[in-house]
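First up is the structure itself, then whatever we jot down about it.
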Amino acid sequence: MKEIKFVDVGEGITEGVVRQWLVKDNDQVKEDQPVVKVETDKAIVDVPSPISGTLRIKAAEGSRVKVGELIAVIGTKEELSQQEKAPAKAENAAQQAARKQEAAPSTAKEILATPSVRKLARDLGIDISRVVGTGPSGRIIENDLRSMASQAQQTARPIPKFSEALEKAHDEEIERVEMSQTRKAIARNMELSATIPRAVHMELIDAGRLSRIVSENKDRMLKKGVKLTFLPFIIKAVVRALEENPRFNSSYDREKSEIIVKKYYNIGLAAEGPDGLKVVVIKDAGEKSIEKIALEIRALAEKIKNQSISIEEMRDSTFTITNIGSLGGGFLSVPMINYPEVGILGVHLIREMPVVEKGKIKIGKVLPLSIAFDHRVVDGAEAVVFMNSIKGYIEDPEFLEML
C-alpha cells in the first residue's frame, strides 16, 4: 500500500487547496495516472498515483493541505481493509508517544540563519526562534523576517473607530471574502516588491515603423498560424538592451551586499487569468525568432486562460514586461517590480498623437513606455541609457526587419 501526499513542488510553496478529484473514492487507478488537482500559490498541479490499485480519498475537495500531508492512500482491497481496522491501535500508540514527549525535557530549536539575518531580526524586534525558515534546509532568510514584520504591523495597526462603527452598523451588508491561493501569493509578492527602493523613468517612442512592419506581415504570419503583435518585437528589443545594460538583468543580494548578474535572458510576461495575475516566462528569449516568441506567447496565454499553466512555465524570469496596452487603456503607469528582479517595463497602448518632425507637426504612432527600477542597483542615468537602448531598437528599421 502507498500513501499519496502533497509533495513539495518548489518555489517556497507550503500549502495548497484540493480543487478537484479526477477519480472517485474506491476507483481503480493506474500507475502515473493523474488523480487529483491541487491549487498552489503559483498554479494548479496534477498529482499522479505512484502505483496501480484501489484509491481511498483522505482529503475532500476544497480542503487545505500542507506539504507532506496525506491526501489519499492506494493499494489492494485487502490492504485497505486491514488499514481500516488498525486506527484504534495506532491511536493508542500515538497517545502513548505524546505522553512520553510531554514528559521528556524540551530541546532547543536549531536556528539556521546568517549573522546578517540575525542582526536584521534584532533590528526589527523579531524573536528569531519563532520564525519559520523557507530557505534551504529550513534556513531563515531576509524575506521570512520582512514578511513576519509586515504581518505584525498589519495586526498591530488599530482599526479606526469610525470603521468599526461602520462595520457594526452595516453588518448585513458586508461580505468577507476568503482570498484564493493565487490572490494570497500576489499579496505576498506585492509586500516583497514594496520593500524595493524604486524610481521610475518614462519615455514616448516613435512606433510608426513598428506599426508598419506588424501591419505588413500580419496576414502572412496568420497563414502560418502566428498571430503577430507588437510584443515579440518589444521582447527582442528588451533582450538586446539587457545585453548592453546587464545590471537590469540582475537581482540584489542584501545579505551579502552583492549584485547577481544573470547571463541568460528569461523574459517574464505579466498576464491576467481567471484566478488572478501570473507571470509566465519566455525562456532564452534572445535565442528565439519573432515567430517562435509569438507562438509561445499565444500558447502560454491559452494555458493561463484554461488554468493549465505549470510552475516550470512561471519560474526563473530575469526581467519582466507588463503589457498594459493589451487591456486597451493606460497612458503611463508605475508598474510593481517582480521581486527579486531589478526592473520591470510597462508597455502601454500605441496611440495616434501629434508629433514634431523637421519642424512640422504631424500625426504619428506613439508608444508610451515606463520602467520601474531598483535604485539600490541602478541609478536614474543608467535607466535613461537602458530606455534609450530599447527605443533605438524599436525605431530601427533594420532591427525590425528580423522576421
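Read-outs: derived from the displayed coordinates by stated rules, not from any lab. Predicted model only: the values in this text are computed from it and were never measured. Glycine gets a Cβ as well: all are built from the backbone with ideal geometry, and neighbour counts include every protein chain shown.
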Charge-dipole axis of the chain as Lys and Arg at +1 and Asp and Glu at -1 on Cβ define it, positive-most pick from P274, F331, V355:
V355
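Between R183 and E255, what is 0.36 nm times their sequence separation minus the Cα-Cα distance? Round to one decimal in nm.
Details: separation 72, 0.36 × 72 = 25.92 nm, distance 2.84 nm.
Extra length available between R183 and E255 comes to 23.1 nm.
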Diffusion coefficient, µm² s⁻¹, Stokes-Einstein with Kirkwood Rh over alpha-carbon pairs of the chain at 20 °C and 1.002 mPa s
85 µm²/s
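Which ordering of L145, L269 is given by a fewest-first count of other beta-carbon atoms within 10 Å? Mind showing how you got there, number by number?
Numbers: L145 21, L269 24.
Final ranking by Cβ density, sparse to dense: L145, L269.
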Estimated [θ] at 222 nm from DSSP helical runs (n ≥ 4, -39500 (n - 2.57)) normalised by residues in the chain, nearest 500:
-11000 deg cm²/dmol
Where Rh is the Kirkwood radius over the Cα pairs of segment 200-400, the temperature 25 °C and the viscosity 0.890 mPa s, what D in µm²/s does Stokes-Einstein return?
140 µm²/s
Between R19 and M402, what is the spin-label point distance in nm, taking each point 7 Å from the Cα along the Cα→C-beta axis?
3.6 nm
What does the highest-first list of 351-364, 306-319 look like by mean Cβ count within 10 Å?
306-319, 351-364
How do F399, F6, F331 line up, fewest other C-beta atoms within 10 Å first?
F331, F399, F6
Could you give the distance between the Cα centres of segment 1-73 and segment 291-326, to the whole Å?
26 Å
Per-bin percent of Cα-Cα distances, segment 208-297 [10 Å]
15, 37, 32, 12, 3, 0
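Expected output is a single nm value to one decimal: the length gained when fully extending between Q83 and E302, i.e. 0.36 nm times separation in residues minus the C-alpha distance. What is it?
Working: separation 219, 0.36 × 219 = 78.84 nm, distance 4.33 nm.
Once the chain is fully extended between Q83 and E302, it gains 74.5 nm.
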What does the charge add up to near A199, with Lys and Arg as +1, Asp and Glu as -1, over the other residues with Cβ less than 13 Å from its Cβ?
-1
With the cut-off at 28 Å, tell me which of the pairs K283/K305; K119/K278; K288/K391; K5/K278; K5/K283; K223/K362 have Cα atoms farther apart than that.
K119/K278; K5/K283; K223/K362
When the distances between all Cα atoms of segment 18-65 are binned every 5 Å from zero, what whole-number percent does each bin get?
5, 23, 31, 24, 13, 3, 1
Quick one: putting +1 on the C-beta of Lys and Arg, -1 on the C-beta of Asp and Glu, what dipole do you get for the chain around its Cα centre, in Debye to the nearest 20?
240 debye
I'd like the orientation of helix 380-394 relative to the chain: the angle between its Cα long axis and the longest Cα principal axis, in ° from 0 to 90, rounded to 10.
70 degrees
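Can you sort K391, K24, K218 so the residue with the fewest Cβ neighbours within 10 Å comes first?
Neighbour counts put them in this order, fewest first: K24, K218, K391.
What fraction of the Cα pairs in segment 2-84, stated in percent, has a spacing above 14 angstrom?
Values: 1967 of 3403 pairs.
The answer is 58 percent, as a whole percent.
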Would you mind calculating the gained length between D316 and K2 on full extension (0.36 nm times residue separation, minus the Cα-Cα distance), in nm to one decimal?
109.7 nm
Under 13 Å from a point 7 Å along the Cα-to-Cβ line of T114: which residues of segment 366-382 have their amide N that close?
none
Using Cα-only point scatterers and the Debye equation, what is log10 of I(q)/I(0) for segment 246-343 at each q in 0.23 Å⁻¹, rounded to two decimals?
-1.29
Selected from A207, A194, A270 as most flexible by GNM, with the chain as the system and alpha-carbon contacts under 10 Å:
A194
